[in-house]
Amino acid sequence: MSADASSIVGRLAPSPTGAQHLGNARTYLVAWLAARAAGGRVLLRIEDIDSPRVKPWAADQAVEDLRWLGLDWDEGPDIGGPCAPYVQSERIEHYAAALSRLIELGLAYPCTCTRSDIESAASAPHEAAMIDGPVYPGSCAGWRCGDPLPPESTYCWRFRTVDEEVEIEDQICGSVKLNPRRQLGDFPLTRKNGSAAYQLAVVVDDEAMGITQVVRGDDLVPSLFRQRPIIDALGYRRPQYFHVPLVLGADGRRLAKRHGDTRLSQYRQAGIAPEAIIGWAAHSIGLTDSPRPVAADRLIAAFDPNSLRRHPTIVDPSWPLVVN
Ligand code: GLU
């Protein structure tokens, strides 16, 4: 990996919006191994700003799940560290400062559109395939810094994307290209209540915490193209990206309750060994030849990011797990 391995900093960034499941375990394992194999540090950050969806028990349970899996961290909400706090809901002033800068740079504008305004405008035939929800049609994009603001709580701030093809290198997916304006559209930096949205918070925190490696599920590939221009506009350092293929249910869709119970807490309560989950995760992502149980730290020495599978894995949650 890097010649200066000690400068590698990775993170585990659970969202406490529900229980962590098998797919999350696999992504955390890869994130942890990528940092540890490079002699790097690992941070734990709780991404709890999606307030309507946050469950009060879920952050503690995620910490318990991670520890049970045998993953550790050098800084985090439970142990502190130089970049504290490590909980997003306690970091809002950092997001507000970054937003002000984007507004000054002419890269953010207030948008009063409702979800249905956007859906009806975007349902008109569009020249590029929609890849991540309806593309914002730009109705409020005429606002310029210094123009009057709409009444408080009636607008979110939106980021002004570029209408050109952008190419980004991912360590697992390879080169990914997309036109942010046409395929994603201008996207929210805040909610209408003024709180920061995921795209802004994650970029501000990764910079403040010195993150050099972002390892997460490949459902967030489109978000790369939202986060990169914020990083560049604010003069932040660009991290390396590893987008890990998702674990899917038998119908080829994202793991959800209808596929059965894949919560880590459920396997834990059933007395299943964490090494069995790690063994399945490592094998299903291409790191080992067999799914036999193994402790996470036994995988550090042989970790090779080039052997990571690039396609999703289908899982049947009934035990024992079978690698498809
Ligand atoms: N908190 C996000 C999740 O649990 C991860 C976001 C990120 O890694 O950028 O899916």
- Task: Starting from the Cα-Cα distance between D219 and A122, subtract it from 0.36 nm times their residue separation and give me the gain in nm to one decimal.
- Result: 32.8 nm
- Listed residue (S89, Y28, I103) projecting farthest to the positive dipole end of the range 9-105, Cβ model: Y28
- Query: Which order, highest average first, do 143-149, 318-324 follow once you tally other Cβ atoms within 10 Å for each residue and take the mean per peptide?
  - Reply: 318-324, 143-149
- Item | Percent RCO, i.e. relative contact order, over the range 124-279, from Cα pairs under 8 Å lying at least 6 residues apart | 20 percent
- Most mobile of L29, L299, L43 per a Gaussian network model of the chain (Cα springs, under 10 Å)? L299
- Excluding same-chain residues fewer than 8 positions from K55, which aspartates and glutamates have a Cα within less than 14 Å of its Cα? E47
- Task: Mind pulling the angle between the C-alpha long axis of helix 22-37 and the longest principal axis of the chain? Nearest 10 degrees, somewhere in 0 to 90.
- Result: 80 degrees
- Message: Run the lone-cysteine check on the chain: no other Cys C-beta under 4.7 Å from the residue's C-beta.
- Response: C83, C113, C145, C156, C173
- Cα-centred dipole magnitude for the range 105-200, charges only on beta-carbon of K, R (+1) and D, E (-1), debye, nearest 20: 360 debye
- Using a 10 angstrom cutoff on alpha carbons, build the Gaussian network for the chain and name the most mobile of A31, A97, A270. A270
- Item | Ranked V204, V30, criterion: other C-beta atoms within 10 Å, fewest first | V204, V30
- Query: What fraction of the DSSP beta bridges in the chain is antiparallel, stated in percent and rounded to the nearest 5?
  - Reply: 55 percent
- Message: Compute the helix-to-body angle for 274-284: its Cα long axis versus the longest principal axis of the chain, expressed 0 to 90° and rounded to tens.
- Response: 70 degrees
- Task: Just subtract the alpha-carbon distance of D289 and R191 from 0.36 nm times their residue separation and send over the number in nm, one decimal.
- Result: 30.7 nm
- Query: Once a ≥ b ≥ c are taken as the square roots of the eigenvalues of the Cα gyration tensor of the range 85-190, is the result rounded (a/c under 1.5), prolate (a/b larger than b/c) or oblate (a/b not larger than b/c)?
  - Reply: oblate
- Going fewest to most other Cβ atoms within 10 Å around each Cβ, F187, F242 line up as F242, F187
- Item | With Cα atoms, 0 to 90° folded angle of helix 92-104 axis to the chain main axis | 40 degrees
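Taken together, the values in this text are just the output of simple stated rules run on the coordinates, not laboratory data. Predicted model, so just to flag it, every value in this text is computed and none were measured. As a convention, Cβ positions derive from the backbone with ideal geometry for all residues, glycine included, and neighbour counts pool all protein chains shown.
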